[in-house]
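Please read the structure below before turning to the comments.
None of the figures in this text is laboratory data; all of them are computed from the coordinates on show. Computed from a predicted model, the values in this text were never measured in an experiment. Heads up, the Cβs are rebuilt from the backbone with ideal geometry, glycines too, and the neighbour counts pull from every protein chain shown.
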Amino acid sequence: MPDLHVLEEYLSRHDRFIISTHESPDGDGLGAEIAFRELLLHLGKEAIILNSDATPEKFLFVDQENEVNVFSKGCEIPDNLAEYAVFVLDTNDFENIGSVHPIIKDLDLLIIDHHEVNESRGSSRGHYIAVDASSTSEIIYTLMRHFGAEPSRKAAQAIYTGILYDTGSFRYPKTSPATFRAIADLVERGANPFNIYEQVYENNSLASFELRALMLASMEKYFDGRLILMRLTPEMLKESGASFSEGELNINLPHTVKGVVASILVKQDIGGPIKVSMRTKGDYDVAKIAMANGGGGHKNAAGYKSKLSLDETCRKVLQEMQHFFIL
């Protein structure tokens with residue numbers, strides 16, 4: 001784990017905090033936020049969760065007490081905002097939190113994350129990074145135990161959800177013995193593995209199924225089928241009626257095919273920027289590609305935003321990844 005002194009010193013300097021996570025919040029970001037707010041309250045602090053995007057429907061069960069506030073023009077911002085500091089969870093790029101960034105960008109900041117630090121971005125004024133952790137939710141679990149906070153059933157469910165999501169159901173490389181020890185404790189505290197899995201993976205809308213078909217129809221094979229590229233476009237979202245977050249999960253589908261070691265998803269929400277997601281198996285390090293383009297992530301799962309058109313972005317990322325396959 002990183003140097004706890006950085007976190008402890010930051011906590012000692014502030015009493016009020018805003019907690020946020022990346023755009024299009026996922027199970028790990030949301031689970032970490034819910035549990036971390038519980039930790040801050042345990043430490044006698046005030047804490048508000050404020051995200052730029054709404055919580056995807058499949059993760060609403062994590063926020064049963066409606067603790068997650070979504071920023072909008074009508075959203076109430078504390079009158080004493082200048083007295084708050086900021087924790088950003090599950091992204092090492094402060095600007096990646098979306099529309100709330102301009103409102104809180106001048107406040108004191110500490111990032112808690114498990115992705116590789118992209119030093120070229122220069123966005124981390126302070127950070128607590130544990131790159132060996134399976135998820136940000138696992139980091140929060142470790143911090144709760146360090147500070148003597150016993151996770152409630154609510155926090156146990158949130159952390160379990162975050163770990164389940166970010167480990168791909170406990171199969172990604174950063175899943176460690178410490179991960180399973182945490183999971184055992186969380187189950188003892190009330191997290192229900194069956195119910196959480198059902199909510200996250202077996203609670204999709206019919207529209208999301210239709211979107212999956214459109215995305216699979218866009219599939220392109222490269223390098224003898226070892227790399228698969230798919231698209232997620234605004235037109236597909238309009239035709240299917242599905243949400244952007246439902247489509248994003250389909251990047252993992254190609255890896256169920258024998259021989260596929262890399263998948264690319266070039267995606268764009270309605271009215272949003274073009275983004276690239278990359279997934280690989282083995283020693284194919286896509287984090288370096290992502291960081292070279294101002295993004296970030298893990299060795300085998302990373303992404304970035306593109307200023308090019310969707311088709312140009314597809315050509316560019318294929319060119320960037322071809323060195324994995326052409327010696």
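Only the Cβ atoms of Lys and Arg (+1) and of Asp and Glu (-1) were treated as charged; on that basis the dipole of the chain about its Cα centre amounts to roughly 1000 debye.
Residue separation of L60 and E202 scaled by 0.36 nm, minus their Cα-Cα distance, works out to 49.7 nm of gained length. Mind checking Rg over Rh on the chain, alpha carbons, Kirkwood formula for Rh? Expressed as Rg/Rh, it is 0.95. Take 136-147, 163-174, 201-212 and order them by the average number of nearby Cβ atoms within 10 Å per residue, most first; the result is 136-147, 163-174, 201-212. When DSSP beta bridges are restricted to pairs lying wholly in the chain, around 40% turn out antiparallel.
Orientation-averaged projection of the stretch 208-287 equals 5.3 nm² [convex hull of Cα atoms, one quarter of hull surface area]. Taking every alpha-carbon pair under 8 Å whose residues sit at least 6 apart, the stretch 185-261 reaches a relative contact order of 29 percent.
Projecting the Cα atoms of G296, Y284, Q319 onto the dipole axis of the stretch 265-327, where Lys and Arg carry +1 and Asp and Glu carry -1 at the beta carbon, places G296 farthest toward the positive end. This ranking places K288, K154 by how few other beta-carbon atoms lie within 10 Å of each, fewest first, which gives K288, K154. Each peptide in 231-241, 86-96 was scored by the mean count of other Cβ atoms within 10 Å over its residues; highest first, the order is 86-96, 231-241. By the count of neighbouring beta-carbon atoms within 10 Å, fewest first, I129, I159 end up ordered I129, I159.
Placing pseudo-labels 7 Å out from each Cα toward the beta carbon at E312 and F194 gives an inter-label distance of 5.3 nm. Going by neighbour counts of Cβ atoms within 10 Å, the residues F36, F244, F59 line up, fewest first, as F244, F59, F36. Taking the Cα atoms of the stretch 250-327, the ratio Rg/Rh between the radius of gyration and the Kirkwood radius comes to 0.95. Can you give the FRET efficiency for S152 and N80, using 1/(1 + (r/R0)^6), R0 = 41 Å, r = Cβ-Cβ distance, to the nearest 0.05? Working from the Cβ atoms, E equals 0.90.
Hull volume per residue, based on the alpha-carbon atoms of the stretch 130-177 and their convex hull, is 70 Å³.
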